[in-house]
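The structure appears below as structure tokens.
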Ligand SMILES: NC(=O)c1ccc[n+]([C@@H]2O[C@H](COP(=O)([O-])OP(=O)(O)OC[C@H]3O[C@@H](n4cnc5c(N)ncnc54)[C@H](OP(=O)(O)O)[C@@H]3O)[C@@H](O)[C@H]2O)c1
């Protein structure tokens with residue numbers, strides 16, 4: 001297969017396993033991110049699978065670079081997977097506009113701008129798959145992470161609309177509803193092993209969901225039931241709950 005997959009946020013702990021899985025399936029890869037040293041290391045590992053790998057510096061916050069980046073790709077990808085995400089400190093995001101702007105722009109606005117460009121190309125070609133990692137944090141606002149959660153909710157609704165718009169154009173849109181995963185993003189958080197995935201499992205499941213053209217998918221089955229329960233709690237009770 002000579003097709004290219006574009007992995008946004010390829011330096012992410014989950015994306016590493018997405019790339020390894022795609023390489024096993026013979027996809028050539030475009031890796032984007034800001035940490036070029038990490039991407040070079042990943043490229044070296046991936047090239048052992050005899051695929052083409054190219055690296056691009058891409059800052060999702062830098063809207064002005066998005067169009068140039070995409071138009072410079074000589075062979076356009078037919079699969080795009082985004083593992084871009086930013087979540088640091090909810091309190092910091094609440095107190096500082098710089099921090100809340102970054103949270104909302106990396107997880108939603110910047111990503112939306114890039115997906116807009118790519119989806120216009122895919123629509124013209126009547127072919128392509130776009131896969132974005134959202135989060136269960138975007139399914140109900142909680143006091144511990146509602147700024148991050150609101151951005152993840154925004155991207156989910158955006159993707160829902162895009163899926164609806166492009167369904168008749170043979171462009172597939174997959175939203176990954178992800179619960180906790182052991183990565184650098186969740187480092188220092190109290191994680192319960194039974195409801196937390198290892199990044200290698202998450203990476204493999206994301207590739208499987210992408211190639212099966214899923215619409216929206218909970219990566220860990222248990223989160224479907226957890227969120228079903230959480231969404232059922234009436235707001236007058238929910239607002240009284242302690243942080244969780
Ligand atoms: N880990 C979890 O528990 C969990 C739960 C639910 C959802 N998610 C989502 O899963 C996805 C992957 O996260 P992860 O856990 O693998 O975390 P991670 O290792 O921290 O990866 C985050 C990725 O986002 C990229 N990124 C951040 N700011 C960027 C910017 N301005 N421009 C371009 N790229 C930027 C990072 O690239 P740099 O190296 O350039 O910073 C990195 O590749 C994210 O969308 C995250 O929100 C994670």
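The values are calculated or read from the model by the stated rules, or taken from the named source; none is laboratory data. These numbers come from a predicted model, not from an experiment. Here the Cβ positions follow ideal geometry from the backbone for every residue, glycine too, while neighbour counts run over all protein chains shown.
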Select from segment 20-38 the residues that are under 22 Å from residue 129 (Cβ atoms) and within 11 Å of the ligand (Cβ to nearest atom) and list them in ascending order.
31, 32, 33
Kindly indicate the residue of segment 219-244 that is part of a loop (DSSP other than H, G, I, E, B) and touching a strand residue (DSSP E or B) at 6+ places or on another chain (Cβ under 7 Å) and also surrounded by the most Cβ atoms within 10 Å (Cβ to Cβ) among those meeting that condition.
219
When you check residue 216 against the structure, is it within 16 Å of the ligand (Cβ to nearest atom) and in contact with a strand residue (DSSP E or B) (Cβ under 6 Å, 6 or more places away or on another chain), yes or no?
yes
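Considering segment 45-66 alone, what residues qualify as being assigned to a helix (DSSP H, G or I) and either within 24 Å of residue 210 (Cβ to Cβ) or touching a helix residue (DSSP H, G or I) at 6+ places or on another chain (Cβ under 6 Å) (or both)?
45, 46, 47, 63, 66 - these are the residues of segment 45-66 that are assigned to a helix (DSSP H, G or I) and either within 24 Å of residue 210 (Cβ to Cβ) or touching a helix residue (DSSP H, G or I) at 6+ places or on another chain (Cβ under 6 Å) (or both).
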Scan segment 182-203 and tell me whether some residue there is on the phi < 0 side of the Ramachandran plot and away from the ligand (no atom under 15 Å from the Cβ).
no
Output for segment 86-101, where each listed residue is surrounded by fewer than 17 Cβ atoms within 10 Å (Cβ to Cβ) and within 20 Å of the chain's Cα centre (by Cα):
88, 89, 101
Filter pass, residue 75 being modelled with pLDDT of 95 or more, under 19 Å from residue 130 (Cα atoms) and outside any helix (DSSP H, G or I)
yes
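A quick yes/no check of all residues on (1) without any contact (Cβ under 8 Å) to a residue 40 or more places away in the chain; (2) within 12 Å of the chain's Cα centre (by Cα):
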position: 106; (1), (2): no, yes
position: 115; (1), (2): no, yes
position: 124; (1), (2): yes, no
position: 134; (1), (2): no, yes
position: 142; (1), (2): no, no
position: 147; (1), (2): no, no
position: 154; (1), (2): no, no
position: 158; (1), (2): no, no
Residue selected from segment 70-107 under the condition within 16 Å of the ligand (Cβ to nearest atom) and touching a strand residue (DSSP E or B) at 6+ places or on another chain (Cβ under 6 Å), by the criterion farthest from residue 12 (Cα to Cα)
80
